[in-house]
1. Amide H to amide H, which residues 5 or more places from residue A:264 or on other chains are under 5 Å from it, using H placed in the peptide plane?
2. For the range A:316-395, just run the numbers: alpha carbon Rg, then divide by 2.2 N^0.38 Å, N being how many residues it has.
3. Determine, for each peptide in A:380-387, A:515-522, the mean count of other beta carbons within 10 angstrom over its residues, then list the peptides with the highest first.
4. Give the shape of the range A:480-527 as rounded, prolate or oblate, defined through the alpha-carbon gyration tensor: a ≥ b ≥ c are the square roots of its eigenvalues, a/c under 1.5 means rounded, and otherwise the shape is prolate if a/b is larger than b/c and oblate if not.
5. Please work out how much length the chain gains when fully extended from residue A:244 to residue A:284, using 0.36 nm per residue of separation minus the C-alpha to C-alpha distance, in nm with one decimal.
6. Along its principal axes, what span do the Cα atoms of the range A:341-448 show, with the longest given first and each in whole Å?
7. Which value, in Å² and to the nearest 10, is the accessible area of residue A:416 when all protein chains are kept and the probe is 1.4 Å?
8. Label points 7 Å out from Cα along the Cβ direction at residue A:329 and residue A:129: separation in nm?
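The values are calculated or read from the model by the stated rules, or taken from the named source; none is laboratory data. Remember, predicted model here, so these are calculated numbers, not experimental data. In this analysis, Cβ positions are derived from the backbone assuming ideal geometry, glycine residues included, and neighbour counts consider all displayed protein chains. Ligands, DNA and RNA are excluded from the accessible area calculation, which covers all protein heavy atoms including side chains. Shrake-Rupley method; radii C 1.70, N 1.55, O 1.52, S 1.80 Å.
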Amino acid sequence: MGPTTRSRFVYNRRGRGGGGQCTVDEASDDDEQRAISSSSSDEEADNEEEEPEASGEEVDDGDDEESEGEDGAAEPANKESAPPPAAGERKGGRKGPITISLKKVCKVCKRTGHEAGFKGAVYIDCPMKPCFLCKMPGHTTLTCPHRVAMEHGVIPAPRRNTNTSLDYVFQSQVKGKISMVKPQFLVPNQLECGNIKFHQRRVTCLEFHPTKNSVLLSGDKKGLLGVWDYVKLHEKITYDSVHSCILNSMKIDAANDEILYTASSDGTISCTDLDTGIGSPLLNLNPNGWNGPSTWRMIYGMDLNTDKGLLLVADNFGFLYLLDRRSKTRIGHPVLIHKKGSKVTSLHCNPAQPDVLLSSGNDHYARIWDTRKLEPNSSLASLAHGRVVNSGYFSPQSGNKILTTCQDNRIRVWDYIFGNLQSPSREIVHSHDFNRHLTPFKAEWDPKDYTETVAVIGRYISENYNGVALHPIDFIDTNSGKLLAEVMDPDITTISPVNKLHPRDDVLVTGSSRSIFIWKPKTEADLTEERAKQKAKEYVYGSCSRKKSNGKHDNSSDDDSDGSPDGKNKKAKKTRYTHTVKGKGKSKV
DNA sequence: ACGCTATGGCCCC
DNA sequence: TGGGGCCCCTAGCG
């Protein structure tokens, strides 16, 4: 029981706002936090308590759902989805054959005759728009060929143990070798420590300390930098004066691990001594202050060439700057590496050959450079993308592969950088398009996976998970495009664009809105409890199902956002979105 | 319960 | 080539 309880730190499921989420500051002792956390049975209790409040409508609810069918204007309690006339009917004169379908107005395109938007936890695409997932016209997400079912969820299949001779052979000969070949891949899918929420704005970057196992660095949109220990949560330092706006990137050299480099949209690079807390500016691209957006320089991409002691930095006008780490001086002139005036979104030095640099940009390209011979138009390769490239990374071990995330909802993989780079080896359709309000999604390699296969990335499009719209974090096999795991928790209803895997441990850290979450793999005990919980739930549904449907508030996270569309946790079938691979040379999707 | 707003990217003129 | 407007499966605040 312990572990799962642990995952529910958010205990203000009743009163919004007043309930007081458990922030790290307030309750420093994590054991106490565990004690307060609510178990699943509490949840049920809450639900039932809430029901009487809305009981009058609840009854209607049930009836309507039945009379109108699944797709129609069901979920009338959902204020938005119910068109005004229908709502009126319902309020006053109960059910009846409410088939006033005439005035269906689409919330997306504002035209009549159809409806789009959330129906409970399911989002209905507007048929006038291209597919939200693959961006091609002619169909919607529901019928998108890239929407395929995932075979296995995050919960592993039950262990086979038949004690036959075959099993014996398998255990003694085959299995031993398999684990030699590839260590078991453990998905950190269990919330380990609750809602860590000291950032006041959305989290924009996260980084594990390269040598101290439980030390984590986090940055937000305001420029706040947090250095903290996720085992001893009270050990936390925040720096609010290092940067004045979006903290875009952080780097620590493992060989010199007390110095932290940070890059920000305020146009500066700063280095902070983590021992003394003293910071000093390394670069300021806006020495003359604010003169309007057309001149203000922002820094997004940054990386370290540890061999040469170089810091590589790129701005939103397409220029790359080289800095000598020690003398803190610029080397040479800025070099235009992407279309003039376009943002360079990320930089990555090849782990095997640090002189080789990968840059990604708003000009729809990722480019490979030799930093020893930098000139405009001297890139070793230009990798074309459909839209803005959010990030590009060499594979963490050999540096032979490239993984990019592009706003055309595709993750691209190049298997061999010395081969033909004309087109990617694979394109994996995956929902990570974003609007300006979110931190860009970036698919990142699992640094522990020396087969250089697994990547992690948050998902934009929501999925109906037991009646709640959630945005999972996806683990993707970049060789096959298969979804290995989707990580989510009913308490996290916000989108999780920032994800980082621990360099050594099976730990995932997620930045979702203002909150940070730590995930670890599920233990046997977790699984057992989960099954029990599920069983209990089934029982409740079975015995008093009709009344169960509302509970709009019961799942709201601390964020208390209305990012969760109303009425989303109606009971509804689980639908899954996933992704598919497009092999080289296959017809255009 | 609203309504506002971030300084995103794209399209169009 | 540059500015204005438009589009949103956002989130949090007043």
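1. The list, which skips near neighbours in sequence, is A:248, A:299.
2. 1.04
3. A:515-522, A:380-387
4. Verdict is rounded for the range A:480-527.
5. On the way: separation 40, 0.36 × 40 = 14.40 nm, distance 1.23 nm.
Going from the current span to full extension adds 13.2 nm.
6. The principal-axis extents, from largest down, are 37, 35, 24 Å.
7. About 120 Å², ignoring ligands and nucleic acids.
8. The modelled label-to-label distance comes out at 5.3 nm.
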